[in-house]
1. From the list Arg60, Arg69, Arg76, which one is among the charged types (D, E, K, R) and in contact with a Pro (Cβ under 7 Å, 6 or more places away or on another chain)?
2. Just the residues that are open to solvent by 80 Å² or more (accessible area, probe 1.4 Å) and modelled with pLDDT under 90, please, taken from the range 60-94.
3. Does Gly27 satisfy the condition of being open to solvent by less than 70 Å² (accessible area, probe 1.4 Å), on the phi < 0 side of the Ramachandran plot and of a type in the set (Gly, Ala, Ser)?
Amino acid sequence: MSRSRRGTGAARVLAVALLCAPLGAAGVFHVWTRTRVVAAGYQLARLQREHDRLADERARLVIEVATLRAPGRLERFARERLGMAPPAPGAVVAWVSGGKVLAGGVGGGGAGQRTGPAEPVSRRAGGVRLALRPSRARPPGTP
């Protein structure tokens with residue numbers, strides 16, 4: 001009877017171990033997933049702080065760009081630092097690729113008008129092109 005008891009005791013220990021192994025594995029998996037969730041939460045908080053900082057910096061830069069593009073500031077900069085002045089009346093002629101005169105021209109016709117701040121011309125959109133012409137008289141037959 002002692003043999004059968006020993007075999008039965010070992011079988012019971014083995015059975016208990018086989019029942020506890022999945023429970024232990026489930027416990028380890030639960031702890032591992034919780035630590036991953038906590039780590040992801042810390043990373044999310046760090047990224048949210050960085051996003052807020054970058055959003056504040058972007059808002060500051062948008063205000064700075066608007067300030068730098070202000071027409072009065074650009075005009076003052078052009079006059080004082082670059083030594084620029086408005087063109088003489090009739091010195092600038094503007095046209096569209098079809099040849100239709102939009103503004104300017106020799107002898108007036110819009111040369112005294114102020115335009116908005118300059119922006120890059122888009123060649124794809126068929127933008128306005130500017131050409132400078134001398135204000136002196138031209139020989140007949142020349143454009």
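The values are calculated or read from the model by the stated rules, or taken from the named source; none is laboratory data. It should be emphasised that the depicted structure is a prediction, and the values quoted were computed from it without experimental measurement. Here Cβ is always computed from backbone atoms with ideal geometry, including for glycine, and neighbour counts include all displayed protein chains. We work out accessible area using only protein heavy atoms, side chains counted, and drop any ligands, DNA or RNA first. Shrake-Rupley method; radii C 1.70, N 1.55, O 1.52, S 1.80 Å.
1. On the way: Arg60 fails: in contact with a Pro (Cβ under 7 Å, 6 or more places away or on another chain); Arg76 fails: in contact with a Pro (Cβ under 7 Å, 6 or more places away or on another chain).
So the residue among Arg60, Arg69, Arg76 that is among the charged types (D, E, K, R) and in contact with a Pro (Cβ under 7 Å, 6 or more places away or on another chain) is Arg69.
2. Passing the criteria: Pro86, Pro87, Pro89.
3. Numbers: open to solvent by less than 70 Å² (accessible area, probe 1.4 Å): yes; on the phi < 0 side of the Ramachandran plot: yes; of a type in the set (Gly, Ala, Ser): yes.
The answer is yes for Gly27.
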